[in-house]
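The values are calculated or read from the model by the stated rules, or taken from the named source; none is laboratory data. What you see is a predicted model, and the numbers here were worked out from it, not measured in a lab. Note that each Cβ is placed from the backbone with ideal geometry, even for glycine, and that neighbours are counted across all protein chains shown.
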Amino acid sequence: MMYEKMKENVENVMEKGYVRSDHLENNAEECDAFKKWKSYTRRDHPAVVQVLLESSKDFDIMGHSMPNLIYVSREKRPTTTHHFKAGALNALTRVSSIMSNSPVILTLDCDMSSNDPQTPRRALCYILDPEIAPKLAYVQFPQRFRGLNKNDIYGSEIKRLFRINPRGLDGLRGPNYVGSGCFFVRRSLYGPQSPGPSPFPSDLKWFLMTDANRGSMRSESVLKRAHEVAGCNYELDTKWGDKIGFRYGSLVEDYHTGYRMQCEGWISIFCDPERYAFLGDAPKNLNDALSQCKRWAVGLLEVAISKYSPLTFGIRNCSLLMGMGYAHYAFWPLWCIPLITYALLPQLALIFGVHLFPKLSDPWFYLYAYLFVTAYSQDLIEFLMDNGTIQTWWSDQRMWMIKGMTSFASGTIQFIMNQTGISAPGFTLTNKATEEGQNDRYDNGVFDLGVSSPYFVLLGAAAALNLSSCMLGVLKATSREDFFCKMFVPLFLSAFGVANCWPILEAMFLRKDGGRMPKNITVASILVAGVICMFGYFALVG
């Protein structure tokens, strides 16, 4: 299984590399070396470090030297914790130190590609600036995505995380690391920032060797050392993942790493050129978009409720403003509490005629109206100033509420279960592949809910509850003289909920295509809505 996967990866690289035929023959021999790993699996195998191209020996069809290309697969054992993406990045950092020891490291997600050949030069303008170079850890470019539909129905741009908020943080100690499109200064990964030379630990002395002393990348000593540092037990009793390299302890290793590095004295730079530096793929169905956000929610809470909490550790070791900025992200998932409350409670109050909000003639009503209008106006203005449109803003705020009721809530529950020792679903990758019909629905701006996902049960229940309460509220408002004045706020919130839930309601009751909500999920959603109404009756009336 592992052999076939490695061979496929290498063949894809070789086919697209435009390497001279004689070198293809030599590299074919390199591929045959993978056969010795044929009996291993992806979760249980020794370290693999294979030199596919060496700049001093391999040339393209024009005779130009090819860049070094090295296949690395770190050792994995079922009994050893591998720390997910952070563990992989640390293994690559060590192997690259053995093979080349370049001073700058670029991290990219596997689905991202370069869109501007000038990007490295832009990053080097900051990295080589003598005024900021001694304390600069990384240069972060915003994540951008190809193929987004006109109104970005799943809010995949995530403007606040990738563009709007980083601009604000850039005026302090710099933006947070977002996992891709980032140029790291290698020495910043080896310890806290200091005015003198970086304090390299003793087990990194090999990494300081010059190319002349190291020898060829294919030499036995270099490959032996590279395999050693890619071993799953190499990090035992070291500071890797704690004080060195990408930090462990959270599923969002990017947020945790950037935050910890800034607490150690490093700064970062946000570079947002007009031409996109990198382009990646965004999820094309709702379930994948929510699964990605759930993973973030769990990882953020792992940092928020730890000894490195931004409200304590961050404020002490960074600054008040940076600590609050990182706390804004760390406690993100807890937005599920007010979002679910406002998605259900006003609707139940409307159904049972319970007065929870001030009526139109009450002076307190104007405070509610002011807060609602100003908050949404500020949000819209920020979005429009970043070249957004009203339609994409509407999609973004709708996805914010959808994520709050699904991803944030389930992520918070999973985090609590993990902390209390209760078995919970493990780490899942975001699916970027598309099934038949998904692309057409996405391009046409139609929600894809054709998966029997547990996310959709509460989402469907909230949509059904908002619709029923809104219809009942309108009916009562037309038949009772004072009802509209007394119950305007819950009626408005129900109508606002229906407007946001309309794609969900369409998928539940109106659509017939492959993206409609499965019948079993629709039935389950209606039953859950009934249960919520029953509990609401006992809580508000009984």
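Here are some notes:
- Conditions (1) out of contact with any helix residue (DSSP H, G or I) (no Cβ under 9 Å at 6 or more places or on another chain); (2) in a loop (DSSP other than H, G, I, E, B); (3) farther than 16 Å from residue 181 by Cα: number failed by residue 111: (3)
- Scanning region 39-79 for residues that are within 15 Å of residue 232 (Cα to Cα) and in a loop (DSSP other than H, G, I, E, B) returns 42, 43, 46, 47, 74, 75, 77, 78, 79.
- Qualifying residue in region 247-267 (condition: in contact with a strand residue (DSSP E or B) (Cβ under 7 Å, 6 or more places away or on another chain), under 30 Å from residue 116 (Cα atoms) and not in a helix (DSSP H, G or I)): yes
- Test: residue 123 is part of a strand (DSSP E or B) and of a type in the set (Gly, Ala, Ser): no
- The residue that is surrounded by the fewest Cβ atoms within 10 Å (Cβ to Cβ), counting only those in region 113-149 that are within 26 Å of the chain's Cα centre (by Cα) and among the small types (Gly, Ala, Ser), is 113.
- Residue within region 438-452 that is at pLDDT below 95, out of contact with any His (no Cβ under 6 Å at 6 or more places or on another chain) and either closer than 30 Å to residue 358 by Cα or basic (Lys, Arg) (or both) present: yes
- Qualifying residue in region 520-527 (condition: among the aliphatic types (A, V, I, L, M), buried (at least 20 other Cβ atoms within 10 Å of the Cβ), touching a Pro at 6+ places or on another chain (Cβ under 9 Å) and touching a residue at least 12 places away in the same chain (Cβ under 8 Å)): yes
- Note on region 355-402: among residues that are part of a helix (DSSP H, G or I) and polar (S, T, N, Q), the one that is nearest to residue 337 (Cα to Cα) is 397.
- For region 100-118, residues that are closer than 17 Å to residue 187 by Cβ and of a type in the set (A, V, I, L, M, F, W, C) total 3.
- Consider region 393-415 and keep the residues that are surrounded by fewer than 22 Cβ atoms within 10 Å (Cβ to Cβ) and polar (S, T, N, Q). The one that is nearest to residue 157 (Cα to Cα) is 397.
- Taken over region 331-343, residues that are without any contact (Cβ under 8 Å) to a residue 60 or more places away in the chain and of a type in the set (A, V, I, L, M) amount to 1.
- Selection within region 266-300 - over 30 Å from residue 449 (Cα atoms) and either touching a Cys at 6+ places or on another chain (Cβ under 9 Å) or of a type in the set (A, V, I, L, M, F, W, C) (or both): 266, 267, 268, 269, 270, 271, 277
- When region 299-309 is filtered for residues that are in a helix (DSSP H, G or I) and surrounded by fewer than 23 Cβ atoms within 10 Å (Cβ to Cβ), the ones remaining, listed by number, are 302, 304.
- Only one entry of 236, 204 meets the criterion of being more than 30 Å from residue 507 (Cβ to Cβ), part of a helix (DSSP H, G or I) and modelled with pLDDT under 95, and that entry is 204.
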